[in-house]
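Asker: Have a look at this one.
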Amino acid sequence: MEQRRSALAERISERRGGVGDPRALVGEMRRSVLLVPVSGGGLWSVRSGGVRWVCGFTDEVALARFARSRTAGDQPMRDMEAMEYAALLGARIVDEVVPSLAEPAGLAVDIATEDGAMFFPPVVGIVPDDCAVDAAESQGGHGHGR
(Lines give C-alpha, C1' and ligand atoms only; values in the text may rest on other atoms or scores of the structure.)
Protein backbone atom coordinates (compact mmCIF):
# COMPACT_ATOMS: atom_id res chain seq x y z
CA MET A 1 0.00 0.00 0.00
CA GLU A 2 1.43 3.37 -1.00
CA GLN A 3 1.73 5.99 1.75
CA ARG A 4 0.45 9.48 1.00
CA ARG A 5 3.23 12.07 1.12
CA SER A 6 3.19 14.57 3.95
CA ALA A 7 2.24 18.20 3.34
CA LEU A 8 5.89 19.16 3.95
CA ALA A 9 7.11 16.64 1.36
CA GLU A 10 4.60 18.13 -1.10
CA ARG A 11 5.83 21.69 -0.45
CA ILE A 12 9.45 20.55 -0.86
CA SER A 13 8.54 18.96 -4.17
CA GLU A 14 6.87 22.20 -5.31
CA ARG A 15 10.00 24.23 -4.46
CA ARG A 16 12.20 21.75 -6.30
CA GLY A 17 9.93 22.29 -9.28
CA GLY A 18 10.42 26.05 -9.06
CA VAL A 19 6.93 26.83 -7.78
CA GLY A 20 5.46 27.57 -4.38
CA ASP A 21 6.20 30.22 -1.81
CA PRO A 22 9.42 29.82 0.23
CA ARG A 23 7.65 31.34 3.26
CA ALA A 24 4.92 28.73 2.97
CA LEU A 25 7.60 26.03 2.89
CA VAL A 26 9.14 27.37 6.12
CA GLY A 27 5.69 27.57 7.70
CA GLU A 28 4.91 24.00 6.72
CA MET A 29 8.26 22.84 8.14
CA ARG A 30 7.45 24.57 11.44
CA ARG A 31 4.01 22.87 11.64
CA SER A 32 5.23 19.41 10.60
CA VAL A 33 6.23 16.55 12.85
CA LEU A 34 9.64 15.32 11.74
CA LEU A 35 11.24 12.02 12.66
CA VAL A 36 14.79 12.62 13.91
CA PRO A 37 17.15 9.67 14.46
CA VAL A 38 18.70 9.45 17.92
CA SER A 39 22.34 8.44 18.32
CA GLY A 40 24.49 8.38 21.44
CA GLY A 41 21.76 10.02 23.50
CA GLY A 42 21.38 13.00 21.15
CA LEU A 43 19.71 13.85 17.87
CA TRP A 44 21.54 12.65 14.78
CA SER A 45 23.31 15.42 12.91
CA VAL A 46 26.11 15.96 10.40
CA ARG A 47 28.55 18.80 9.87
CA SER A 48 28.99 20.25 6.42
CA GLY A 49 30.09 23.65 5.19
CA GLY A 50 30.70 24.95 8.71
CA VAL A 51 27.12 24.17 9.77
CA ARG A 52 25.79 21.39 11.95
CA TRP A 53 22.65 19.97 10.33
CA VAL A 54 20.01 18.22 12.44
CA CYS A 55 18.54 15.56 10.16
CA GLY A 56 14.77 15.12 10.11
CA PHE A 57 12.49 13.01 7.94
CA THR A 58 8.98 13.76 6.73
CA ASP A 59 7.64 10.25 7.23
CA GLU A 60 8.53 6.65 8.06
CA VAL A 61 9.25 5.84 4.41
CA ALA A 62 11.91 8.57 4.20
CA LEU A 63 13.36 7.50 7.56
CA ALA A 64 13.47 3.84 6.48
CA ARG A 65 15.28 4.85 3.27
CA PHE A 66 17.87 6.62 5.43
CA ALA A 67 18.14 3.64 7.82
CA ARG A 68 18.84 1.30 4.88
CA SER A 69 21.58 3.63 3.66
CA ARG A 70 23.36 3.66 7.04
CA THR A 71 25.51 0.81 8.30
CA ALA A 72 25.60 -0.83 11.70
CA GLY A 73 29.05 -2.36 11.88
CA ASP A 74 29.51 -4.03 8.53
CA GLN A 75 25.83 -4.79 7.97
CA PRO A 76 23.33 -2.34 6.43
CA MET A 77 20.33 -1.63 8.64
CA ARG A 78 17.46 -3.50 7.04
CA ASP A 79 14.70 -1.51 8.65
CA MET A 80 14.08 1.41 10.92
CA GLU A 81 13.37 -0.95 13.84
CA ALA A 82 17.13 -0.85 14.49
CA MET A 83 17.06 2.94 14.62
CA GLU A 84 15.70 4.95 17.52
CA TYR A 85 14.08 8.27 16.65
CA ALA A 86 12.22 11.17 18.17
CA ALA A 87 9.11 12.77 16.66
CA LEU A 88 9.50 16.56 16.96
CA LEU A 89 7.74 19.57 15.51
CA GLY A 90 9.95 21.42 13.03
CA ALA A 91 9.38 24.58 15.11
CA ARG A 92 10.82 22.85 18.17
CA ILE A 93 13.89 21.79 16.21
CA VAL A 94 14.68 25.26 14.85
CA ASP A 95 13.52 27.24 17.93
CA GLU A 96 14.88 25.02 20.74
CA VAL A 97 17.28 22.36 19.49
CA VAL A 98 19.29 24.54 17.09
CA PRO A 99 19.97 27.27 19.72
CA SER A 100 21.07 24.62 22.23
CA LEU A 101 23.86 23.44 19.93
CA ALA A 102 25.97 26.58 20.48
CA GLU A 103 27.30 26.55 16.92
CA PRO A 104 25.84 27.48 13.51
CA ALA A 105 23.13 24.86 12.98
CA GLY A 106 20.17 24.26 10.73
CA LEU A 107 17.73 21.55 9.68
CA ALA A 108 18.20 19.11 6.79
CA VAL A 109 15.03 17.28 5.76
CA ASP A 110 14.91 13.91 3.94
CA ILE A 111 18.65 13.55 3.29
CA ALA A 112 18.25 10.10 1.74
CA THR A 113 15.79 11.04 -1.02
CA GLU A 114 16.59 10.79 -4.70
CA ASP A 115 16.19 14.57 -5.08
CA GLY A 116 18.46 15.32 -2.13
CA ALA A 117 17.75 17.08 1.12
CA MET A 118 15.90 20.33 1.63
CA PHE A 119 18.01 22.56 3.84
CA PHE A 120 16.70 25.13 6.30
CA PRO A 121 19.90 27.09 7.07
CA PRO A 122 20.74 29.08 10.21
CA VAL A 123 19.45 32.40 8.86
CA VAL A 124 16.94 35.02 10.00
CA GLY A 125 13.40 33.83 9.33
CA ILE A 126 14.24 30.19 9.97
CA VAL A 127 16.10 30.07 13.29
CA PRO A 128 15.91 32.58 16.18
CA ASP A 129 17.73 35.82 15.31
CA ASP A 130 20.36 35.32 18.02
CA CYS A 131 21.36 32.02 16.33
CA ALA A 132 21.22 33.27 12.74
CA VAL A 133 24.56 33.67 11.00
CA ASP A 134 23.15 36.62 9.04
CA ALA A 135 21.51 38.43 11.97
CA ALA A 136 23.96 41.35 11.98
CA GLU A 137 23.65 41.79 8.21
CA SER A 138 19.85 41.80 8.29
CA GLN A 139 19.92 44.46 11.03
CA GLY A 140 22.29 46.65 9.02
CA GLY A 141 25.29 45.83 11.19
CA HIS A 142 28.58 44.16 10.43
CA GLY A 143 29.94 40.87 11.60
CA HIS A 144 28.13 37.60 12.07
CA GLY A 145 25.84 35.74 14.45
CA ARG A 146 27.22 33.41 17.11
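Asker: Residue check: is R47 touching a strand residue (DSSP E or B) at 6+ places or on another chain (Cβ under 8 Å) and in a strand (DSSP E or B)?
Answerer: yes
Asker: Now, a different point. Which of the residues belonging to segment 83-130 are free of Cβ contacts under 8 Å to residues at least 40 places away in the same chain and of a type in the set (S, T, N, Q)?
Answerer: S100
Asker: Hey, could you check segment 46-60 for residues that are surrounded by 17 or more Cβ atoms within 10 Å (Cβ to Cβ) and among the β-branched types (V, I, T) and say which is nearest to A112 (Cα to Cα)?
Answerer: Taking the candidates together, the pick is T58.
Asker: Another question, then. Residues of segment 2-38 being free of Cβ contacts under 8 Å to residues at least 40 places away in the same chain, on the phi < 0 side of the Ramachandran plot and not in a helix (DSSP H, G or I), which ones?
Answerer: E2, R4, G17, V19, D21
Asker: Another one. Out of G73, G125, which single residue is at pLDDT 80 or above, surrounded by fewer than 18 Cβ atoms within 10 Å (Cβ to Cβ) and either on the phi > 0 side of the Ramachandran plot or over 12 Å from the mean Cα position of the chain (by Cα) (or both)?
Answerer: After applying the criteria, what remains is G125.
Asker: What is the residue count in segment 93-132 for residues that are closer than 17 Å to D59 by Cα and not in a loop (DSSP other than H, G, I, E, B)?
Answerer: Residues that pass the stated criteria total 6.
Asker: Residue pairs, Cβ under 6 Å, 6 or more apart or interchain, first in segment 52-68 and basic (K, R), second not in a strand (DSSP E or B). List them.
Answerer: Listed pairs, sorted by first residue: R52/L101; R52/E103; R65/A112.
Asker: Assess whether V109 counts as being surrounded by 17 or more Cβ atoms within 10 Å (Cβ to Cβ), in contact with a Phe, Trp or Tyr (Cβ under 8 Å, 6 or more places away or on another chain) and at pLDDT 95 or above.
Answerer: yes
The values are calculated or read from the model by the stated rules, or taken from the named source; none is laboratory data. In this text, all values refer to a predicted model and were calculated from it rather than measured experimentally. Note that we place each Cβ from the backbone using ideal geometry, even for glycine, and neighbour counts take in every protein chain shown.
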